[in-house]
DNA sequence: CGTATCCTAAGACAACTGTCTCATAACGTC
DNA sequence: GACGTTATGAGACAGTTGTCTTAGGATACG
């Protein structure tokens, strides 16, 4: 049977986010960070989550020190990309535009972001030439 | 321990989508529709999925006929809304604007949708007065 | 050395997902 | 009214997720 695609459940995502933010961290550091953010997990829970992430190949660990140091292997970009695609496919008939409209209608943007969005739109329609080689936007 | 929030996994979502499309359907009808769409599930699988959806309160069944007729209770809007919120919270720091930007950068819209988006933006920034009474977007 | 402390390993365990098998009840038809 | 068709019901079963317990190894420091 076809191996299910690697999926990152919510709890693992919370852990992964900490690694994205700090670049790397030990179990305890992740734990502390999450504690501050309100997640009341036990040490073992965090360790398990990190372990599962590593098994999935999403992060690696440096085991040369006593406490392993974990580091992300995939970027938040990649994960976001995947989640968004999935959402669009499942609920927006594969039409990202529908999701954009939905978002704008449901949550008004603040002025700054509205301006940014408009800028992107400009570029898209005004500057028609396909800039397909664009190296996937950095934020 | 707090009951986990009602979640609709992908397979159930596929079934639910059929109900949204057709308004209502029996197990067999759902099965046929999914078959045509390429989903090779057994009758029992579809029945289970419908059953689980009903348990979750997402759909209801009319049991007066031999074959139960299932009908959605929650709209696609609601489900979409929830999924999007979750995505934004988990991966876009609760900032819908970031997701919008991401979407626009990653997938150019076609002209029609671009225009629509612009229109929504206009309304948002130009017409500042809170028109909160707007009857929650019909598509 | 002794013992408190921190770390990982192993795995438990219930709930949820993905899928299916089998039993059994209702129906339609000759 | 017996037979094949279709339906539901019950539940099996492996894999995933959410969370933790317990055991045992390494470290630290008096």
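At a Förster radius of 41 Å, what calculated FRET efficiency corresponds to the Cβ-Cβ distance of residue A:22 and residue A:125, to the nearest 0.05? Before the final figure, lay out the partial values.
Values: r = 39 Å, r/R0 = 0.96.
For residue A:22 and residue A:125, the calculated efficiency is 0.55.
To test your reading of the geometry: what angle, between 0 and 90 degrees and rounded to tens, separates the Cα axis of helix B:76-91 from the longest principal axis of chain B?
Once rounded, the angle reads 60 degrees.
Write down, largest first, the equivalent ellipsoid semi-axes of the range A:1-83 in whole Å, where each equals the square root of 5 times an eigenvalue of the alpha-carbon gyration tensor.
20, 15, 13
If you take each beta carbon of peptide A:83-91 and count the beta carbons of other chains within 10 angstrom, what is the mean?
On the way: counts 7, 9, 2, 3, 6, 2, 0, 8, 8.
Partner-chain Cβ atoms within 10 Å, mean over residues of A:83-91: 5.
Compute the helix-to-body angle for B:43-55: its Cα long axis versus the longest principal axis of chain B, expressed 0 to 90° and rounded to tens.
60
Give the distance, in whole Å, between the Cα centre of the range B:1-60 and the Cα centre of the range A:1-78.
Rounded to whole Å, the Cα centres lie 33 Å apart.
Determine the shielding of peptide B:92-100 by partner chains: average, over its residues, the number of Cβ atoms on other chains within 10 angstrom of each Cβ.
Per residue, the number of nearby Cβ atoms from other chains is 6 on average.
Set the Förster distance to 30 Å, then compute FRET efficiency between residue A:113 and residue A:10 from the Cβ-Cβ distance, nearest 0.05.
On the way: r = 25 Å, r/R0 = 0.85.
Using R0 = 30 Å, I get an efficiency of 0.75.
For a quick check, take a GNM of chain A with Cα springs below 10 Å and name the residue from A:98, A:34, A:49 with the largest mean-square fluctuation.
Of A:98, A:34, A:49, the Gaussian network model singles out A:98 as fluctuating most.
Within a 10 angstrom radius of each residue's Cβ in B:112-119, how many Cβ atoms of other chains show up on average? Whole number is fine.
Taking all residues of B:112-119 together, the mean is 5.
Where is the GNM fluctuation largest for chain A (alpha-carbon springs, 10 angstrom cutoff): A:55, A:125, A:33?
Highest fluctuation among the options: A:125.
Kirkwood-based Rg over Rh for the protein assembly as shown (C-alpha set), two decimals?
Here Rg/Rh amounts to 1.01.
Could you identify which residue out of A:121, A:53, A:99 has the top mean-square fluctuation in a GNM of chain A using Cα springs shorter than 10 Å?
Of the options given, A:121 has the highest mean-square fluctuation.
Sort A:73, B:88 so the one with the fewest other Cβ atoms within 10 Å of its own Cβ comes first.
Numbers: A:73 14, B:88 20.
Going from least to most buried by this count: A:73, B:88.
If you project the alpha carbons of chain B onto the principal axes, what extent comes out on each, in Å, largest first?
For chain B, the Cα spread along each principal axis is 57, 43, 30 Å.
For the range A:1-91, what relative contact order do you get, as a whole percent, if you take Cα pairs closer than 8 Å and at least 6 residues apart?
Details: 83 pairs, mean separation 26.5, N = 91.
The normalised contact order for the range A:1-91 reaches 29 percent.
Using R₀ = 22 Å, calculate the FRET efficiency as 1/(1 + (r/R₀)^6) where r is the Cβ-Cβ separation of residue A:35 and residue A:62; round to 0.05.
0.40
Run the helix sum for chain B: -39,500 (n - 2.57) per DSSP H stretch of 4+ residues, divided by residue count, reported at 222 nm to the nearest 500 deg cm²/dmol.
On the way: 6 runs with 78 residues, N = 139.
Value at 222 nm, helices only, nearest 500: -18000 deg cm²/dmol.
Nearest 10 degrees is fine. How inclined is helix B:111-125 to the longest principal axis of chain B, computing both from alpha carbons?
Helix B:111-125 sits roughly 60 degrees off the main axis of chain B.
Values in this text are rule-based calculations from the coordinates and carry no lab data. All values derive from a computational prediction rather than experimental measurement. We place every Cβ from the backbone using ideal geometry, glycine too, and count neighbours over all the protein chains shown.
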